[in-house]
Structure formats: structure tokens, C-alpha cells
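Reviewing the structure listed below.
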Amino acid sequence: MVVLIADDDPVSRCALEAALTGWGYDVEVVNDGQQALDALLRESAPARLAVLDWMMPGLDGPEVCRIVRARSQGPYAWLLLLTARKKGSDLIAGLEAGADDYIRKPFDPGELKGRLRVGERILALEAQLLEAQKALHVLATRDELTGLYNRRAVMERLDEEIERAARDGGKLCVLLMDVDHFKHLNDDRGHLAGDEVLRKIAVRLERVAGPDDALGRYGGDELIAILPGRDSAAAIALAEKMREAAAAPIATQAGPLSMTVSIGCGTWSPGQAATVLIANADVALYRAKAAGRNRVEGAP
């Protein structure tokens, strides 16, 4: 683990560096508060443990803590103040500025090592918490079978894109897609085969979609694509690519299968609600299926 050392006193700085490297830490050494702040705020900052001298030229240690807490958008940094101050009011002020702990000068090596180990444990717990939050976010927003957005999440995304298009005067289209004869597949080959087909079609559609597009499972075998920044012509062109991608033979445990999708395109117009936009795409989807399936139709 990398530890940032910020101290303008060369003797203290060398003592800290020698102690920390002896304990197996990698160190980054700076000699004033501004350099410490720059190191802690830069993108992909390697140091997440920092030992900051209280008194430094320019920015002092508490001010560095205060700014880091106000500005940092990255992973949490554990900040330890090094100070000769003994007043309880001073130490409280340092902690309220954003420091996690403090140690008095001249530092006791055993005490410093113990406090740094506490910081490591806190950072490890924070990393576990972030991973748990990510996992919960996936569970809350992703469809378990396809990995696409679930219905609630994709509808929230649609509301956001409508709001953005209304604010910026942008374009927006929605595609509704239905796997043709999916019920027959489930009846003939079983639900496991149906699940495998739906999952592999979802993967193919994601490969065709653009980085700003959002795909979701709308329900059953029906998928939805939100296409910000695309007009009707661009959306239909993308839908044709998706239709072609889905139509390629699919290797399954039940053997190779040839499936197709029907796609309906709805185009947003100012003042239009999400429900109306989806209803228009649904009408277009019905027309595609009525016209023989395996085709793309736009809303009339």
C-alpha cells in the first residue's frame, strides 16, 4: 500500500520515510500542503493513507483535510495528522476538519505503525462496502437472466432521457422487440432452451447498440432499447442491424436454433410522455408482427 508523507521538516520527513519503508509500505513524499493536496486529489491517486504534518507552508494539514473531504470524488483517503500540539481543542479542530486520526510529535514508531494498521483496516472495510453496494445496485437494476436493465430501471432511464431531450431539444427513439414464436420454442424445446436463446439474443443486441443506448427486458420475451440522440431514420437503421444480428443461428444445448425478432420503433416528440412513446412503439411492433414478423416497422 502507498502512504503519502507530507512534512516540510526534512529530518521528520526522513524519519517517517525510513520507518514506513521498513514496515513494507511504498511511500510518496512531498514537502508542503499544496503538493499533498494535489497528490490526494489527482485522478487515480495511488496513496489512500496519508501522514500530514499540521504546520506546513501554504496549506496546513487541517486545511488539506478539509479540502480533500469537500472535493474528493474518488475512493476514501484515510488522513493522519502529525502535530506537536497538545490542546484538546486543537486536536478536536483537526478531526472536525476531516482528519481520521492524529499522532503527536515526536512520534512513537510503534504507535504510528498501529494507527496506520487501523487505517488499512478501515480502507479494507470501505472497499468491501463499495463492492457490496455495487452488487446491490446490479441486483436492483439488472435483469437476472439477460443482464440487461430490468423494467423498473429502464423506465427510469427513459424518463431521464425524455427530460434531457426536452431540456436540450434533442432526439429520442424507443425500440420494442419481441422474439418471434417464443412460446412455441418454450413448448417444443423447454424453458431452459428459451432462456438460453433470450440471453444470447440480448448479448447480440448489446454488441450492436451504441455506447449511449440503453437496453432492457421489458417483460417476458419483449426487450426495449432507448436510443438518445437518434431520429427515426437512424433508429430504424440500428433496428435493422439488431434484427439481422438476432437472426443468425444460435448454438444451444438443445442444438442450433434459428430465431427472429420483430421490432417496432417509436419516435419522441416534445411534450410526449413515456407511456405514449412506448405505446407508439408497441403499435409499430404489432404492425411488424402482423406483416409477417422478422421485420422492423416505424410508428405511422
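Dipole magnitude for region 162-300: computed about the Cα centre from +1 point charges on Lys and Arg Cβ and -1 point charges on Asp and Glu Cβ, it is near 160 debye.
In the chain, taking the dipole from charged Cβ atoms about the Cα centre, the farthest positive-side position among A97, S44, C173 is held by C173.
In the chain, what % of DSSP beta bridges are antiparallel (nearest 5)? Let's see the in-between values first.
Details: 21 of 44 bridges.
Around 50 percent antiparallel, to the nearest 5.
Only Cα pairs under 8 Å and 6+ residues apart enter the sum, and on that basis the relative contact order of the chain stands at 12 percent. Restricting attention to region 151-298, close to 85% of DSSP beta bridges with both partner residues there are antiparallel.
Within region 2-139, all pairs of alpha-carbon atoms sorted by distance into 10 Å bins from zero give the percentages 12, 44, 33, 9, 2, 0. Remark: the V138-H191 segment gains 16.7 nm on full extension, using 0.36 nm per residue and subtracting the alpha carbon distance.
Distances over 22 Å make up what percent of all Cα-Cα pairs in region 151-298? The answer is 36 percent, as a whole percent. Membrane-span-like helices in the chain, defined here as complete DSSP H runs extending at least 30 Å along the helix axis by their C-alpha atoms with mean Kyte-Doolittle hydropathy no lower than -1.0, are 109-141; this is a sequence and geometry rule, not a statement about a membrane. The ellipsoid equivalent to the alpha-carbon distribution of the chain has semi-axes of 58, 22, 14 angstrom, derived from the gyration tensor eigenvalues as √(5λ) and listed largest first. Here is the list for region 78-162: trypsin sites (Lys or Arg not before Pro) lying in DSSP coil, each with at most 16 other C-beta atoms within 10 angstrom of its C-beta, are R85, K86, K87.
Work out the FRET efficiency for N31 and V118 from their Cβ-Cβ distance, taking R0 = 22 Å, and round it to the nearest 0.05. The pair N31/V118 has a calculated efficiency of 0.30. Within a straight-line Cα-Cα reach of under 16 Å, K105 can be paired with the following aspartates and glutamates, leaving aside sequence neighbours fewer than 8 residues apart in one chain: D7, D8, D9, E17, D53, D60, D90. K183: which lysines have alpha carbons under 26 Å from its alpha carbon, excluding same-chain residues fewer than 8 sequence positions away? Cα-Cα hits under 26 Å: K200, K241, K289. Charge dipole of the chain (Cα centre as origin; +1 on each Lys and Arg Cβ, -1 on each Asp and Glu Cβ, all else neutral): 560 debye, rounded to the nearest 20.
Using Cα pairs closer than 8 Å and at least 6 residues apart in sequence, work out the relative contact order for region 2-139, in percent. For region 2-139, the relative contact order is 20 percent.
Any read-out appearing in this document is the output of simple, stated calculations on the displayed coordinates, not a laboratory observation. Quantities reported herein were computed from a predicted structural model and do not represent experimental measurements. Cβ: placed from backbone, ideal geometry, glycine included. Neighbour counts: every protein chain shown.
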